[in-house]
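Colleague: Below is the structure I would like to discuss, written out as structure tokens.
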Amino acid sequence: MNDIKIETERLILREYKMEDIDDVVEGLNNINVSKWLADVPFPYTREDAKEFITYALNNKINSYNFAIVLKSENKVIGATQISNINFTHGTAGGGIWLNEKYQGKGYGTEAFGARINFAFNELGLRRLENGYFKGNEKSHKMQLKFGYKDEGIRRKRFISKATNKVEDEYITGLLKEEWKK
């Protein structure tokens, strides 16, 4: 990722650091957050965070993993990524999570918008795809706000590590020309 830093009015999106472990654990060791993420166990431990951050720092091919830092507190309050980048086709996936204490303040929308801008204008992509589990209306509404369209359902796509429930994945897609900035 070469120390890419994206700055918005209230946030910085940057590469993870090992010093982020406690903030990541605080955000993800909450069933109200982890239940919406396929690969996040609950409870979420320091070892889980260390393992993920190590992975994020060492596996930068076709993906960008950004810690979302709240400038006013110099604290990691969530994360977003651009994953499965295919430059040949101009496509990528990805997602976002936010510490429950910081939800409802527009931080997720601000970070997600910066992520979309980076994907389209810096990476030159033309299409982004996201997914969410049934019931995660906050995520769905935020995606629609940016112009994402509902595209389908991948039935029984994941077994949630947090809940051990089989989950359908609802798919949304955003074309650059449909993007609502």
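The values are calculated or read from the model by the stated rules, or taken from the named source; none is laboratory data. Remember, it's a predicted structure, so these values are computed and weren't measured experimentally. Cβ atoms come from the backbone with ideal geometry, glycine included; neighbour counts cover every protein chain shown.
Colleague: Determine which single condition D150 fails, assuming it passes every other condition in (1) among the acidic types (D, E); (2) closer than 30 Å to I4 by Cα; (3) loosely packed, with under 14 Cβ neighbours inside 10 Å.
Modeller: In the conditions (1) among the acidic types (D, E); (2) closer than 30 Å to I4 by Cα; (3) loosely packed, with under 14 Cβ neighbours inside 10 Å, D150 misses (2) alone.
Colleague: Would you tally the residues in region 130-139 being in contact with an Asp or Glu (Cβ under 8 Å, 6 or more places away or on another chain) and buried (at least 16 other Cβ atoms within 10 Å of the Cβ)?
Modeller: 3
Colleague: Tell me which residues, restricted to region 1-38, are more than 14 Å from the chain's Cα centre (by Cα), surrounded by fewer than 19 Cβ atoms within 10 Å (Cβ to Cβ) and either of a type in the set (G, A, S) or assigned to a helix (DSSP H, G or I) (or both).
Modeller: Across region 1-38, the qualifying residues are M18, E19, D22, V25, E26, I31, N32.
Colleague: For residues in region 55-114 being out of contact with any strand residue (DSSP E or B) (no Cβ under 8 Å at 6 or more places or on another chain) and among the acidic types (D, E), which is surrounded by the most Cβ atoms within 10 Å (Cβ to Cβ)?
Modeller: Looking at the filtered set, the residue picked out is E100.
Colleague: Could you tell me whether E7 is touching a Phe, Trp or Tyr at 6+ places or on another chain (Cβ under 9 Å) and of a type in the set (D, E)?
Modeller: Judged against the criteria, E7 is not a match.
Colleague: Separate question: Only one of T172, T163 is over 16 Å from S34 (Cα atoms), among the β-branched types (V, I, T) and modelled with pLDDT of 95 or more; which?
Modeller: Within the list T172, T163, the selection yields T172.
Colleague: Let me spell it out: the conditions are (1) under 15 Å from the mean Cα position of the chain (by Cα); (2) in a helix (DSSP H, G or I); (3) in contact (Cβ under 8 Å) with a residue 40 or more places away in the chain, and L57 meets all of them except one. Which number is the exception?
Modeller: Every listed condition holds for L57 apart from (1).
Colleague: Another question, if that's okay. Quick check on region 78-87. Is at least one of its residues in contact with a Lys or Arg (Cβ under 6 Å, 6 or more places away or on another chain) and either of a type in the set (D, E, K, R) or closer than 24 Å to T163 by Cα (or both)?
Modeller: Within region 78-87, one or more residues are in contact with a Lys or Arg (Cβ under 6 Å, 6 or more places away or on another chain) and either of a type in the set (D, E, K, R) or closer than 24 Å to T163 by Cα (or both).
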